[in-house]
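Here is the structure we will look at.
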Amino acid sequence: MSSRAHTGQGAGGHRPHPWAAACGAVILAWGALGPSPSALAAATASLPAWYVATQPSGVFSLAPAVACVSGGSDCVAIGAGTACAKMVGTICVAQRSFNVAEYSRDKGLSWQVARVPVAADGQFIGLAAVSCAPTGRSRTDCAAWAMLTPGIGASPSEQVAYFSDNGGASWSVASPPAPVGQASWQAPVVSCYEVDLGVDCVGAPDSVGTLYSTNGGASWSASSSVPSRSFGPLAAQDLSCVVSRGHMDCVGVGYVFDAATSTPADTAWYSTDGGAKWAPGVLPQRVGELNTVSCFASRGQVSCAALGTETTGSITANVAVYSQDAGKSWSNSVFPAHVALPSPWGSVSCAAAGARTECAASGSTLLFSADGGAYWVTTSDPNGAWGDLDCLASVPGPSCYVVGARAAYSGDGGATWSASKAARGFDVQDSSLRDNIACVSAGDCTVAGTTELFSNNPQA
């Protein structure tokens, strides 16, 4: 995870990515007559690709969520899995299903299995959100919220919270303040960071209200909020948190339905204490649905970009706003007209680019902002990739990945994209969901595929 939706990254701690020189060669090779064939071929061959990570044999894992510790080596994945229960010769004639987690100690290159406790009458994890952070006690805490279903592929019924205090090697059922139901149109989100040698987490598992934890997700409390007549009760479709000046700033975006017009009206909330208490932000106008947000801390300033959609009749247009004060106040973005993000989904990720913040977004097309979300332009990918994306600070510019049915890579913060080669079977469970990709650094990322975990490290 990164400074994309609901997980922030600091500007430091990232080594220069190994494809920087290759991308520079592609750009410099272009001239009035086009690129040098030899330079283009060499640079393309050096672009990042996706390889099948080493996983335990005999386990077929449907891991819809993956998280990694920035600058560390720990990664986790959580979901449902199946294994063969009965073999006839070389053919499996009966399978058994179970909830499963996997963990990696080598930046996602190889994985081991960790069983997840049975919860809620033996139901299975359908979708999940997971986040990890290091503690000051040389360990990694992870928190996850999972949508449960009575059977793999069935509709969600309720949610359960899990936590791990050993980097995903073992998991326990956490303690929310009350049972959490599930709105079928919203997937859970969770974000964790190290604060004062511990791990604070904030989550939005349901369509109304948020929860926070000060012990790495082991127990949760209901957040409070400053009353807002126009925003209604506290709610968030997406969260993004960063640690700045010793405390955890969080922003939540979403929408409520206007009582008079029955149309969606944007909402934006901010917290300066890790999600314990929230206050409404100031929006310039309130039309449409804000669906996704990314915040980034640089030089003591927290900047955020949020995107969504507005539908009038049969016409779908964009809603986009940005903030330079950690979500307290927002301004309208200049945005390409009638370029729809998939509602209620979409993905945006921001990263430092020297003294400025660059952002990339994925919806029905790829988008780029060189100024933290104030002004957006459309970009293109020859592979037609869209889905979850992650941008990380690197040299000479932010490294961005977008993963879905296809994959693409950008070495300049999302301004230009190149198709990424991928191993056979590369795909994610649902391109419209988040937590499909997580990175330790620009050169060590993991994708939770439909049947495999993938790494962009050639050693995989």
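Residues that are crowded, with 16+ Cβ neighbours inside 10 Å, at pLDDT below 85 and either touching a strand residue (DSSP E or B) at 6+ places or on another chain (Cβ under 6 Å) or over 25 Å from Ser164 (Cα atoms) (or both): does the stretch 209-225 have at least one?
Checking the stretch 209-225: not a single residue is crowded, with 16+ Cβ neighbours inside 10 Å, at pLDDT below 85 and either touching a strand residue (DSSP E or B) at 6+ places or on another chain (Cβ under 6 Å) or over 25 Å from Ser164 (Cα atoms) (or both).
Which one is surrounded by the fewest Cβ atoms within 10 Å (Cβ to Cβ) among residues in the stretch 362-405 that are closer than 22 Å to Gly449 by Cβ and over 18 Å from the mean Cα position of the chain (by Cα)?
Top of the filtered list is Pro382.
Per-residue answers, yes or no, for (1) assigned by TED's automatic domain parsing to the domain that holds Gly327; (2) within 26 Å of Ser349 (Cβ to Cβ); (3) not small (Gly, Ala, Ser):
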residue	(1), (2), (3)
Ser228	yes, no, no
Pro233	yes, no, yes
Asp238	yes, yes, yes
Val253	yes, yes, yes
Ala268	yes, yes, no
Gly274	yes, yes, no
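Does any residue in the stretch 272-288 that is in contact (Cβ under 8 Å) with a residue 24 or more places away in the chain come within less than 6 Å, Cβ to Cβ, of a residue that is surrounded by fewer than 16 Cβ atoms within 10 Å (Cβ to Cβ) and hydrophobic (A, V, I, L, M, F, W, C) six or more places away or on a different chain, and which pairs are these?
Ala279/Val226
Does Ala374 fit the bill of being touching a strand residue (DSSP E or B) at 6+ places or on another chain (Cβ under 6 Å) and at pLDDT 95 or above?
In short, yes.
For the stretch 259-283, which positions are at pLDDT below 90 and in a loop (DSSP other than H, G, I, E, B)?
Scanning the stretch 259-283 gives Ala259, Ala260, Thr261, Ser262, Thr263.
Is it the case that the stretch 315-326 has a residue that's more than 28 Å from Gly246 (Cβ to Cβ), over 20 Å from the mean Cα position of the chain (by Cα), assigned by TED's automatic domain parsing to the domain that holds Gly373 and among the hydroxyl-bearing types (Ser, Thr, Tyr)?
The answer is yes, given that some residue of the stretch 315-326 is more than 28 Å from Gly246 (Cβ to Cβ), over 20 Å from the mean Cα position of the chain (by Cα), assigned by TED's automatic domain parsing to the domain that holds Gly373 and among the hydroxyl-bearing types (Ser, Thr, Tyr).
When you check Cys439 against the structure, is it at pLDDT 85 or above, closer than 27 Å to Ala128 by Cβ, among the hydrophobic types (A, V, I, L, M, F, W, C) and in the same structural domain as Cys304 (by TED's automatic domain parsing), yes or no?
no
Name the pairs: first residue in the stretch 416-436 and not assigned by TED's automatic domain parsing to the domain that holds Ser131 and hydroxyl-bearing (Ser, Thr, Tyr), second residue in a loop (DSSP other than H, G, I, E, B) and modelled with pLDDT of 90 or more, Cβ to Cβ under 7 Å, at least 6 apart or on different chains?
Ser420/Ala49
Could you please find all residues in the stretch 413-459 being in contact with a Cys (Cβ under 8 Å, 6 or more places away or on another chain), assigned to a loop (DSSP other than H, G, I, E, B) and within 21 Å of Ala101 (Cα to Cα)?
Once the filter is applied, which keeps residues that are in contact with a Cys (Cβ under 8 Å, 6 or more places away or on another chain), assigned to a loop (DSSP other than H, G, I, E, B) and within 21 Å of Ala101 (Cα to Cα), the stretch 413-459 yields only Asn456.
If you go through the stretch 85-114 one residue at a time, how many are among the charged types (D, E, K, R) and at pLDDT 80 or above?
Of the residues in that region, 4 qualify.
The values are calculated or read from the model by the stated rules, or taken from the named source; none is laboratory data. Because the structure is predicted, anything quoted here is derived from the model rather than measured. For neighbour counting, all protein chains shown are included, and Cβ atoms are generated from backbone atoms with ideal geometry for every residue, glycine included.
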